[in-house]
1. I need a count of the residues in the range 48-61 that are in a loop (DSSP other than H, G, I, E, B) and surrounded by 21 or more Cβ atoms within 10 Å (Cβ to Cβ).
2. Would you be able to say whether some residue in the range 119-134 is at pLDDT 95 or above and aromatic (Phe, Trp, Tyr)?
3. Among what's in the range 67-81 and is of a type outside the set (Gly, Ala, Ser) and closer than 16 Å to Ala53 by Cα, pick the residue that is surrounded by the most Cβ atoms within 10 Å (Cβ to Cβ).
4. Please go through the range 218-265 and pick out each residue that is in a helix (DSSP H, G or I), among the hydrophobic types (A, V, I, L, M, F, W, C) and over 17 Å from Thr94 (Cα atoms).
5. Condition check: within 30 Å of Ser72 (Cα to Cα), under 17 Å from the mean Cα position of the chain (by Cα), among the aliphatic types (A, V, I, L, M) and in a helix (DSSP H, G or I). Does Ala119 satisfy that?
6. For residues that are crowded, with 17+ Cβ neighbours inside 10 Å and closer than 12 Å to Met145 by Cβ, tally how many sit in the range 212-234.
7. What number of residues within the range 175-198 satisfy the criterion of being loosely packed, with under 14 Cβ neighbours inside 10 Å and among the aliphatic types (A, V, I, L, M)?
8. With (1) surrounded by 16 or more Cβ atoms within 10 Å (Cβ to Cβ); (2) among the polar types (S, T, N, Q); (3) in contact with a strand residue (DSSP E or B) (Cβ under 8 Å, 6 or more places away or on another chain) as the list, and Thr84 as the residue in question, which single condition is left unmet?
Amino acid sequence: LPPIASGDTIAALAFTEPSGKWDAAGIMMEATAEGDHSLLSGEKMFVIDGNVADVIVVVARTAGTTGTDGISFFTVSGNAKGLTRTALSTMDMTRKQSKLEFDKVVAEPLGAPGSGWPAFSKTLDQAAVALSNEMMGGAQKVLEMSVEYAKVRVQFGRPIGSFQAVKHLCAEMAAELEPCRALVWYAAHAADALPAEAPLAAAHAKAHLSEVSRFVARSAIEVHGGYGFADLSGLHFWFKRVGLDRQLLGGPERIRAVAAAMQGLAASTRRPPADPACMHSIRRCRGTGGNGRTSRRGRPPY
């Protein structure tokens, strides 16, 4: 651990497989015992820093084929025989991801065999809190960039921040983002001091920040106009980062289903039909300004 903490050793965690699932059901790789070590065969996908890692922690099964039983950890050297690493082209190329192919790769057990899920589940919850913090920070950054740009960009002889439409965009971004701070702070506190509440708090934070950060990033592009699409603006970095963070560990739809299951609710893949009268009222509120004309708010918040 000290070399990893100091940065002298790069470590990666490999658990997602070609199915794309981010839970125990997606872990199908089996470890075959051979003497004092084990052999791993199969594929792992979307491994962050997998192409440059010195050591890779692999999640595989030593028993069972589904569920949380039999999940174990193994360590593999980055230059192990039989390991093929392929860099993936993803939305955010500043956070490298790779496909790892294992062909009877020698692996060393890490921890007690078959009992890795409790620790791994806790790690996923903590990672969700960390990603939520990153999305909140990224959203705050693009909000600040948007406000500053609205002050200095002059159009029609006046700063664009003086136009009502731009004011509304910036205000909506700030209004959506501000409540997220309490949500993320509580999730971090629960991870540190309230283990019974930590999984649900992490799920709430990850799902909500995934939506809000994308909304703020999109709105920032609107404030900047065509300049927002240029590399010089710097917005593209955060736009891609929050897009990637949204999907890591599962998108908001999956995270909400996990949160529902934690509370004993049956998760549904389909939304219930909306009340037409209610939807009409929502459209009227969001779609028009006081003068009855369609405004820039005539769109879903996310």
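The values are calculated or read from the model by the stated rules, or taken from the named source; none is laboratory data. From a predicted model like this one, the values you see are computed outputs, not experimental measurements. Cβ atoms come from the backbone with ideal geometry, glycine included; neighbour counts cover every protein chain shown.
1. 2
2. no
3. Here the answer is Phe74.
4. Once the filter is applied, which keeps residues that are in a helix (DSSP H, G or I), among the hydrophobic types (A, V, I, L, M, F, W, C) and over 17 Å from Thr94 (Cα atoms), the range 218-265 yields Ala220, Ile221, Val223, Phe229, Ile255, Ala257, Val258, Ala259, Ala260, Ala261, Met262.
5. Taking the combined requirement at face value, the residue does not satisfy it.
6. 9
7. Residues that pass the stated criteria total 5.
8. The single condition Thr84 does not satisfy is (1).
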